[in-house]
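Trainee: Sharing a structure below in structure tokens format, with a few things to ask.
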Amino acid sequence: HRHLLGIEGLQPHEILGLLDRAEEAIEISRQVEKIKPVLRGRTQINLFFENSTRTQSSFELAGKRLGADVMNMAVSQSSVKKGETLIDTAATLNAMHPDILVVRHNAAGAVHLLARKVSCSVINAGDGQHEHPTQALLDALTIRRHKGKIARLTVAICGDITHSRVARSNIILLNALGARVRVIAPSTLLPSGIEKMGVEVFRDMKEGLKGVDIVMMLRLQRERMNGAFIPSVREYYRYYGLDQEKLAYANDDALVMHPGPMNRGVEIDPAVADGPQSLIREQVEMGVAVRMAVLEALAAHLPNS
Ligand code: CP
């Protein structure tokens, strides 16, 4: 593939190939000299139209550890603020001959559109409510390192499913690798037809968490709710916030994940987020490794490589 636009369209062996490649990147990242210069001389531009802490910084570090020249476009200080369109912005950057564009945008499909307009490789760093492929890959890597496999594990994805690109990418990836996927949410945060994605639907945390190996919590994405439905945070926490009492319904060796950013006391109790079953910090480390793996895989398809 020249681009990574989503998990949809990737074959299981391609996903597993990226996870294996990421294992090597973990080793590189733990060395004193964190460098494997397969992208030396290449230019990577990070173009983030939405805020990010983890994804942008890990793509920057990943590119640098592979020897690329990495530029972060500060969209808030760019001519986007003067009305320049996404496509004109991309065409302008494309004229500077980047090799890889890493793009986050608030509109689903925007990254696919952009990929058709530029001559370089494009990586989707999150497009609206659609996909966040590198998040699903880093989640899978984290799970596999702890459970030794993905197939036949039961994974519950809990919370704001409707507005979550993380949920979509994870559902596609986990199903592709043979996991049993559940979603747990109030009806108002469940998209219609979600069953067709191959998930079992629960509206009650205690029922949904029984027998679960992995509990994946999601942030309430109030910025995507357009004021249409904002649940009372206190009520939401009572019924859907992951605390020790609800976690006790999952398997004894269940592990807790959250893509970040976390809203402590909204979807997760700080004691669980920082507790012994939490993999949240490790997910961040895996994020750098997975992004190195993706960049390295795309490097093989760059012209003259
Ligand atoms: N998980 C994730 O995408 O975090 P950021 O929005 O901070 O990049």
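The values are calculated or read from the model by the stated rules, or taken from the named source; none is laboratory data. The structure presented is a predicted model; accordingly, all values stated were derived computationally and were not measured. Ideal geometry is used to build each Cβ from the backbone, glycine not excepted, and the neighbour counts take in all protein chains shown. Side chains included, ligands, DNA and RNA excluded: accessible areas come from the protein's heavy atoms. Shrake-Rupley method; radii C 1.70, N 1.55, O 1.52, S 1.80 Å.
Trainee: Between 0 and 90 degrees, rounded to the nearest ten: what's the tilt of helix 12-29 against the longest Cα principal axis of the chain?
Mentor: It works out to around 80 degrees.
Trainee: Can you tell me, using C-alpha contacts under 8 Å and at least 6 residues apart, the relative contact order of the chain as a whole percent?
Mentor: On the way: 581 pairs, mean separation 64.6, N = 305.
Answer for the chain is 21 percent.
Trainee: Okay, moving on. Check which residues have an amide H placed less than 5 Å from residue 200's amide H, if you skip close sequence neighbours.
Mentor: 181, 182, 183
Trainee: For the range 57-74, what does the Karplus curve 6.51 cos²θ - 1.76 cosθ + 1.60, with θ = phi - 60°, yield as ³J(HN,Hα) per residue in whole Hz, taken in order and with x for Gly and Pro?
Mentor: Couplings: 5, 6, 5, 5, 4, 4, x, 5, 5, 9, x, 6, 7, 10, 10, 9, 6, 8 Hz.
Trainee: Quick check: pseudo-label points 7 Å beyond the Cα along Cα→Cβ at residue 210 and residue 149, how many nm apart are they?
Mentor: Distance between label points: 2.4 nm.
Trainee: Another question about this same structure. Quick one: length gained pulling residue 1 to residue 92 fully straight, 0.36 nm per residue minus the C-alpha distance?
Mentor: Numbers: separation 91, 0.36 × 91 = 32.76 nm, distance 2.38 nm.
In short, 30.4 nm is gained.
Trainee: Could I ask something else about it? Report ³J(HN,Hα) in whole Hz for each residue of the range 288-302, in order, from the Karplus equation J = 6.51 cos²θ - 1.76 cosθ + 1.60 where θ = phi - 60°; Gly and Pro get x.
Mentor: Using θ = phi - 60°, the values come out as 5, 5, 5, 6, 4, 4, 5, 4, 5, 5, 5, 4, 5, 9, 6 Hz.
Trainee: Kirkwood hydrodynamic radius of the chain from all distinct Cα pairs, in Å?
Mentor: Values: mean 1/r = 0.0507 Å⁻¹.
Answer for the chain: a Kirkwood hydrodynamic radius of 19.7 Å.
Trainee: Using a 1.4 Å probe on the protein heavy atoms, what percent of the accessible area of the chain belongs to carbon and sulfur?
Mentor: Carbon and sulfur: 49 percent of the exposed surface of the chain.
Trainee: Using the Karplus equation 6.51 cos²θ - 1.76 cosθ + 1.60 (θ = phi - 60°), what ³J(HN,Hα) coupling, rounded to whole Hz, does each residue of the range 83-93 give in order, writing x for Gly and Pro?
Mentor: Once rounded to whole Hz, the list reads x, 5, 7, 4, 5, 5, 5, 5, 5, 5, 5.
Trainee: Using Cα centres only, tell me the gap between the range 210-271 and the range 85-131 in whole Å.
Mentor: 31 Å
Trainee: Oh, and also: Not counting ligands, DNA or RNA, and with a 1.4 Å probe, what is residue 149's accessible surface area in Å² rounded to the nearest 10?
Mentor: Roughly 80 Å² of residue 149 is accessible to a 1.4 Å probe.
Trainee: Let me ask something else. Taking H placed 1.01 Å from N in the peptide plane, check which residues at least 5 places from residue 70 or on another chain put their amide H under 5 Å from its amide H.
Mentor: 44
Trainee: Something else now. In square angstrom, what is the accessible area per residue of the range 145-240 with a 1.4 angstrom probe?
Mentor: Accessible surface, normalised per residue, equals 44 Å².
Trainee: Give the long-range amide H neighbours of residue 242: residues separated by 5 or more places, or on another chain, with amide H under 5 Å away, using H modelled in the peptide plane at 1.01 Å from N.
Mentor: Distant-sequence amide H within range of residue 242: 268, 269.
Trainee: With r defined as the distance between the Cβ atoms of residue 8 and residue 32 and R0 fixed at 35 Å, what FRET efficiency is calculated, to the nearest 0.05?
Mentor: 0.35
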